[in-house]
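A.B. asks: My questions all concern the structure below.
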Amino acid sequence: MKRYIVGLGEALWDVLPEGKKLGGAPANFAYHAGQFGLETIAISALGEDKLAEETVEALKEHNLNYLMPRVPYPTGTVQVTLTGDGIPTYDIKENVAWDNIPYTDEMKEIAQNARAVCFGSLAQRNVVSRENIHKFLDDTPEDCVKIFDINLRQQFYTKEVIKESLQRCNILKINDEELVLIGRMFGYPGLDIENKCWLILGKYNLDMLVLTCGTNGSYVFTPGQMSFQETPKVEVADTVGAGDSFTGSFCASILNGKPVPEAHKTAVQVSAFVCTQNGAMPVVPDHLKG
């Protein structure tokens, strides 16, 4: 059985001003980790509709392995509106296929052999997917890297979901705006950014906490150490999928044996490149892969 790097959660189409593109953090994450030569797979659910067929075609075009059972709900879509400086806002349709991800025997086998899995809060908004994501995580081996890429969207999260996810992961990926919300939610709003990160790292016994701050750089906290990288200045086409490319390339670099500062630098450069391209899944040039 292959030991896959797994993107687990929502499968959806970003409906952008110039047309629709396959999106969703799990596929984006798996795609970018896969560019570093690792075996990756995106796990979700699709509807029994034309959009599901288009999803399968798009996944094949990107050479992405996938496990996405069909369920009697529409395939997910998100209406994406871009501001003048390319920052996306999202209208995420509800009661769709990825809200109802089943837990099949095939998924269980992948979970039991997983090298890494990345999951977020969005796919846990519905009880069916939430419980099955938890089952998947609980079935992973001891040495599996479990990344909670928190990804707070609209009103689709609760304190309970976040807490349970923090207890199941060993790496947290969060941005500066999400950190402020979590600080308020968990009752430590007065602390500065770094102290909030150290507190969460220790409280949940994490191996790493990755904090991205947009143009103000990014940090990786590990017990006793911190890595900081400035954000490269680039001409932004759009930022869709940039965070997922950061997570995918960081995870792949760590699994390929790079030390944290080096993996961090690679992730920053890949993410900056993705911002210069339209859509979430451009081909990353070899020189950026380190």
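The values are calculated or read from the model by the stated rules, or taken from the named source; none is laboratory data. Model, not experiment: these values are computed from the prediction. So basically every Cβ, Gly included, is an ideal-geometry build from the backbone, and we count neighbours across all protein chains shown. Side chains are part of the model used for accessible areas, which takes the heavy atoms of the whole protein and leaves out ligands, DNA and RNA. Shrake-Rupley method; radii C 1.70, N 1.55, O 1.52, S 1.80 Å.
A.B. asks: In the stretch 150-194, which residues are open to solvent by less than 20 Å² (accessible area, probe 1.4 Å) and touching a strand residue (DSSP E or B) at 6+ places or on another chain (Cβ under 8 Å)?
C.D. replies: If the condition is that a residue be open to solvent by less than 20 Å² (accessible area, probe 1.4 Å) and touching a strand residue (DSSP E or B) at 6+ places or on another chain (Cβ under 8 Å), then 150, 156, 165, 166, 169, 171, 172, 173, 174, 179, 182 are the ones that fit.
A.B. asks: Among the listed residues 106, 94, identify the single one that is out of contact with any strand residue (DSSP E or B) (no Cβ under 7 Å at 6 or more places or on another chain), more than 22 Å from residue 243 (Cα to Cα) and open to solvent by 20 Å² or more (accessible area, probe 1.4 Å). Give the derivation first.
C.D. replies: Working: 106 fails: out of contact with any strand residue (DSSP E or B) (no Cβ under 7 Å at 6 or more places or on another chain).
Of 106, 94, the one residue that is out of contact with any strand residue (DSSP E or B) (no Cβ under 7 Å at 6 or more places or on another chain), more than 22 Å from residue 243 (Cα to Cα) and open to solvent by 20 Å² or more (accessible area, probe 1.4 Å) is 94.
A.B. asks: Something else: So residue 91 fits all but one of (1) of a type in the set (D, E, K, R); (2) assigned to a strand (DSSP E or B); (3) closer than 30 Å to residue 39 by Cβ; what number is the exception?
C.D. replies: In the conditions (1) of a type in the set (D, E, K, R); (2) assigned to a strand (DSSP E or B); (3) closer than 30 Å to residue 39 by Cβ, residue 91 misses (3) alone.
A.B. asks: So, one more: Residues of the stretch 63-101 being small (Gly, Ala, Ser) and either at positive phi or within 19 Å of the chain's Cα centre (by Cα) (or both), which ones? Even if it seems obvious, please write down each step before you answer.
C.D. replies: Quick first cut of the stretch 63-101, residues small (Gly, Ala, Ser) only: 76, 84, 86, 97.
Across the stretch 63-101, the qualifying residues are 76, 86, 97.
A.B. asks: Starting from residues that are under 21 Å from residue 269 (Cα atoms) and assigned to a loop (DSSP other than H, G, I, E, B), keep the ones in the stretch 25-61 and report whichever is most open to solvent (accessible area, probe 1.4 Å).
C.D. replies: In this case the residue turns out to be 37.
For every residue, the table says whether it meets (1) farther than 23 Å from residue 204 by Cα; (2) modelled with pLDDT of 95 or more; (3) of a type outside the set (Gly, Ala, Ser).
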position	(1), (2), (3)
88	yes, no, yes
93	yes, no, yes
98	yes, yes, yes
101	yes, yes, yes
123	no, yes, no
136	no, yes, yes
139	no, yes, yes
149	no, yes, yes
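A.B. asks: Of the residues that sit in the stretch 204-240 and are open to solvent by less than 10 Å² (accessible area, probe 1.4 Å) and touching a His at 6+ places or on another chain (Cβ under 9 Å), which one is nearest to residue 152 (Cα to Cα)?
C.D. replies: Ranking the candidates gives 210 first.
A.B. asks: How many residues are touching a helix residue (DSSP H, G or I) at 6+ places or on another chain (Cβ under 7 Å), over 19 Å from residue 75 (Cα atoms) and of a type outside the set (S, T, N, Q) when one looks only at the stretch 142-155?
C.D. replies: Step one: of the stretch 142-155, the residues touching a helix residue (DSSP H, G or I) at 6+ places or on another chain (Cβ under 7 Å) are 145-153.
From what is left, the residues that are over 19 Å from residue 75 (Cα atoms) are 145-152.
Now drop any that are not of a type outside the set (S, T, N, Q), which leaves 145-150, 152.
Of the residues in that region, 7 qualify.
A.B. asks: Also: For the stretch 254-284, give me each residue that is farther than 19 Å from residue 217 by Cα and either touching a Phe, Trp or Tyr at 6+ places or on another chain (Cβ under 7 Å) or modelled with pLDDT under 95 (or both).
C.D. replies: 256, 277, 278, 279, 280, 281, 282, 283, 284
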